[in-house]
Amino acid sequence: MRLEGLHHITMITGDARSNVAFYADTLGLRLVKKTVNFDDPSAYHLYFGDEAGAPGSILTWFEFPGAAPGRAGLGMIHTLRLGVPGAASIEFWETRLRDRGVTTERSADGATLTFADPDGLRLQLVVADDGNPPLTAVHPEVPAAHAITGLEGARAYSMFSGVEESVLTDVLGFTHEGDGEYRLQGERRHFHWAYDPAPALAPRQGAGTVHHIAWASRDEDHLDWQARIREADGYVTEVKDRDYFNAIYFREPRGVLFEIATLSPGFATDEDPEHLGEALRLPKQHEHLRERLEASLRPIVNPRAAGADAREVTA
Ligand code: ZN
């Protein structure tokens, strides 16, 4: 039994509109689902990813309008690494981001490009060169040769960054590569997980911070993962039906909230794959609130829906 690498990563935004503009337009991902938080249906839950919303490509946000900026600290993820096809793609993105007023920083060796999203979340583009099949979305201004290829890694803060975390290696099947760096190798995809020494300032959950990270499980293994975490004395939740996958949640010993999510049924379970993320979808138990929510949630337009006609002409 092994995890299939990353499923998704979930963050908090204070402004869904600028979040959609940044990820579905500037970065060229596809907004694949527009729904609400299961536990607080007054808040948007937005999912971005490749054309199909495949696990490994998915970034999601809860919107809490006007949320104060958070600060990544001890026990929190501080950086997400997104793959691009090659060194020339780093150049492309440096120009595109600069043209859109985003401050970027190129590493000394030129291999990574670091910047922040509108909420202050730190992102890094890296060349995806060691075997992850590309998971890309189509955007009229982003050539396929430079499209983001999915998530390559994430880095968190820990007090014991260099010490091997045995829950990762013994329970979850990560490989410790030394110096706080881990690799989670699934059958098709892998993910680079790492701990860095924590800063002195206390962490604060808020806009621009990561809420949790979800690892992918084959459907048939999901309950066995729950049992394995219980046997390792970890507190783990019951299985929650999230409509697009089933989920269990637990906190790893360094403090980061982990989820294990099933690969099925995926985002096309309640809407046409051609029109993912265009209409507001509500969890079954919140469907009766639709009228109220449609009145209270600030409308968001999926750029894909807005640009669909233009795209057909240029394609
Ligand atoms: Zn999740």
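Rounded to the nearest 20 Debye, what is the dipole magnitude of the chain about its Cα centre when Lys and Arg each give +1 and Asp and Glu each give -1 at the C-beta? List each step's numbers first, then the result.
On the way: 31 positive and 48 negative charges, 147 e Å.
Roughly 700 debye, rounded to the nearest 20.
Leaving out ligands and nucleic acids, note down the accessible area per residue over segment 1-154 with a 1.4 angstrom probe, in whole Å².
Value returned for segment 1-154: 34 Å² of accessible area per residue.
Within a Cβ distance under 15 Å of Ile77, other residues only, what is the Lys/Arg minus Asp/Glu net charge? Let's see the in-between values first.
On the way: positive: Arg71, Arg81, Arg122, Arg155, Arg204, Arg251, Arg254; negative: Asp117, Asp119, Glu152, Glu165, Glu181, Asp196, Glu252, Glu259.
Net charge in that neighbourhood comes out at -1.
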Exercise for review: Can you check what the net charge comes to around Val20, using other residues whose Cβ is under 15 Å from the Cβ of Val20 (Lys, Arg +1; Asp, Glu -1)?
Suggested key: +1
Exercise for review: With a Förster radius of 35 Å, plug the Cβ-Cβ distance of Arg100 and Ser264 into 1/(1 + (r/R0)^6) and report the FRET value to the nearest 0.05.
Suggested key: 0.45
Point to revise | Sparse-neighbourhood loop sites, chymotrypsin sites (Phe, Trp or Tyr not before Pro) in segment 157-256 - DSSP loop, at most 15 other Cβ within 10 angstrom | key: Phe160, Tyr235
Practice item. Pop out the carbon and sulfur fraction of the accessible area of the chain as a percent, whole number, probe 1.4 Å. Key: 51 percent
Check your understanding: Amide H to amide H under 5 Å from Thr104: which residues, 5+ apart in sequence or cross-chain, H placed 1.01 Å off N in plane?
Key -> none
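Counting heavy atoms of the protein chains only and a 1.4 Å probe, report the per residue accessible area for segment 210-315 as a whole number of Å².
About 53 Å² of surface per residue is accessible.
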Study note, to complete from the structure: For the chain, percent of DSSP beta bridges that are antiparallel (nearest 5) comes out at 65 percent
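How would you classify the chain from its alpha-carbon gyration tensor, with a ≥ b ≥ c the square roots of the eigenvalues: rounded for a/c under 1.5, else prolate if a/b is greater than b/c, otherwise oblate? Present the calculation step by step, with values, prior to reporting the outcome.
Working: a/c = 1.44, a/b = 1.13, b/c = 1.28.
Cα axes put the chain in the rounded bin.
Nearest 500 deg cm²/dmol is fine: what mean residue ellipticity at 222 nm does the chain get from its DSSP H runs of n ≥ 4 alone, each adding -39,500 (n - 2.57), divided by its residue count? Spell out each step's value before the answer.
Numbers: 5 runs with 47 residues, N = 315.
Helix contribution divided over all residues of the chain: -4500 deg cm²/dmol.
The values are calculated or read from the model by the stated rules, or taken from the named source; none is laboratory data. Just so you know, these numbers come straight off a predicted model, no measurement behind them. Glycine gets a Cβ as well: all are built from the backbone with ideal geometry, and neighbour counts include every protein chain shown. Accessible surface is based on the protein model in full, side chains and every heavy atom, while ligands, DNA and RNA are left aside. Shrake-Rupley method; radii C 1.70, N 1.55, O 1.52, S 1.80 Å.
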